[in-house]
Amino acid sequence: MRGMIEEITAALGANGLILRGGLLFPDDEGAPDGASGAPAKSVLLVGQAGAAPWPHFLRWRDQQPQAIADPLDTWSREVIGEVAQEFGARVVSPSDKPYLPFQQWAVRAEGLRPSPLGILMHPQYGLWHAYRSALLFEDEITLPEFRETIHLCDTCVDKPCLKSCPVAAYSTDGFAYQACLAHVRGANGEPCRAGGCLDRNACPYGAQYRYPPEVQAFHMAAFAGP
């Protein structure tokens with residue numbers, strides 16, 4: 001089984017992707033279906049640390065005959081789908097409906113907790129990571145258990161992530177979606193559109209994994225819409 005994990009890791013790494021942990025489904029959980037339609041027994045999460053997949057995605061996008069809606073999701077489904085097919089898994093994505101509990105799976109698989117921005121805080125990557133898909137297997141597949149680490153947000157006294165947004169979109173009350181969207185789309189939103197969320201960029205952790213401005217601008221454009 002370890003050999004298969006290593007092979008999956010290598011296959012994902014060809015596109016800058018990484019395994020983000022995994023878990024076994026208890027018998028009483030009501031797991032989603034695997035590749036054949038039988039309930040899955042385990043799931044491996046696939047994602048990224050920093051912007052490692054970006055050059056692979058750009059090369060793929062440049063080869064497409066026309067503009068594609070949701071290109072990053074489309075690319076992720078394509079390249080991760082090839083890995084899933086090779087290893088007999090069903091691939092699912094966070095944007096697939098009905099939505100699956102990716103955030104809960106991530107918490108269980110890696111032992112992470114949310115930051116004040118809602119993004120899970122990683123002890124190494126900070127806020128600069130993502131989950132792209134999950135591989136559902138009808139066999140039991142195990143990974144080494146995660147090691148408990150300190151939640152970095154608990155050690156952060158100043159909380160700059162709650163002080164940098166011009167419209168205070170994030171607070172202890174949650175995310176003010178409409179205020180954020182209006183600001184990003186408005187005349188004063190160019191710093192956010194060009195360089196990403198100011199609150200997220202204010203976090204001091206995982207700075208070496210921070211997405212480059214062009215990557216953050218891509219995601220912000222997807223958030224702001226046409």
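The values are calculated or read from the model by the stated rules, or taken from the named source; none is laboratory data. These numbers were taken from a predicted model, which means no experiment stands behind them. Cβ sites come from the backbone with ideal geometry, for glycine too, and all protein chains shown count toward neighbours.
Summed over the range 2-56, the residues that are assigned to a loop (DSSP other than H, G, I, E, B) and either polar (S, T, N, Q) or not assigned by TED's automatic domain parsing to the domain that holds Ser76 (or both) give a count of 2. Annotation: of all residues in the range 32-72 being of a type in the set (S, T, N, Q) and exposed (fewer than 12 other Cβ atoms within 10 Å of the Cβ), the one that is modelled with the highest pLDDT is Ser36. Please enumerate the residues belonging to the range 1-48 that are within 16 Å of the chain's Cα centre (by Cα) and charged (D, E, K, R). Answer for the range 1-48, where residues must be within 16 Å of the chain's Cα centre (by Cα) and charged (D, E, K, R): just Arg20.
Checked against the criterion of being among the aliphatic types (A, V, I, L, M) and in contact with a strand residue (DSSP E or B) (Cβ under 9 Å, 6 or more places away or on another chain), the range 179-201 has no qualifying residue.
The single residue among Arg193, Arg147 that is closer than 25 Å to Arg20 by Cα and of a type in the set (Lys, Arg) turns out to be Arg147. Among the residues of the range 73-106, those that are in a loop (DSSP other than H, G, I, E, B), over 15 Å from the mean Cα position of the chain (by Cα) and surrounded by fewer than 19 Cβ atoms within 10 Å (Cβ to Cβ) comprise Phe87, Gly88, Lys97, Pro98. Please work out if Phe146 is farther than 30 Å from Arg90 by Cβ and touching a Gly at 6+ places or on another chain (Cβ under 9 Å). In short, no.
Within the range 173-223, which residues are of a type in the set (Lys, Arg) and within 23 Å of Arg61 (Cβ to Cβ)? Once the filter is applied, which keeps residues that are of a type in the set (Lys, Arg) and within 23 Å of Arg61 (Cβ to Cβ), the range 173-223 yields Arg193, Arg210. Looking at this structure, is Tyr205 surrounded by fewer than 17 Cβ atoms within 10 Å (Cβ to Cβ) and either touching a Lys or Arg at 6+ places or on another chain (Cβ under 7 Å) or outside the structural domain of Gly50 (by TED's automatic domain parsing) (or both)? So Tyr205 does not fit the description; no.
So that you can scan it fast, the table gives a plain yes or no per residue for (1) assigned by TED's automatic domain parsing to the domain that holds Ile8; (2) touching a helix residue (DSSP H, G or I) at 6+ places or on another chain (Cβ under 9 Å):
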position: Arg59; (1), (2): yes, no
position: Asp62; (1), (2): yes, no
position: Glu86; (1), (2): yes, yes
position: Trp105; (1), (2): yes, no
position: Leu117; (1), (2): yes, yes
position: Ser171; (1), (2): no, yes
position: Phe175; (1), (2): no, no
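Does Arg185 satisfy the condition of being touching a residue at least 12 places away in the same chain (Cβ under 8 Å) and either buried (at least 16 other Cβ atoms within 10 Å of the Cβ) or within 22 Å of the chain's Cα centre (by Cα) (or both)? Answer is no for this residue. Taking Ala109, is it touching a residue at least 40 places away in the same chain (Cβ under 8 Å), buried (at least 18 other Cβ atoms within 10 Å of the Cβ) and hydrophobic (A, V, I, L, M, F, W, C)? Considered against the rule, which asks whether it is touching a residue at least 40 places away in the same chain (Cβ under 8 Å), buried (at least 18 other Cβ atoms within 10 Å of the Cβ) and hydrophobic (A, V, I, L, M, F, W, C), Ala109 comes out as yes. Against the conditions (1) at pLDDT 95 or above; (2) surrounded by 13 or more Cβ atoms within 10 Å (Cβ to Cβ), Gln178 satisfies every one except (2).
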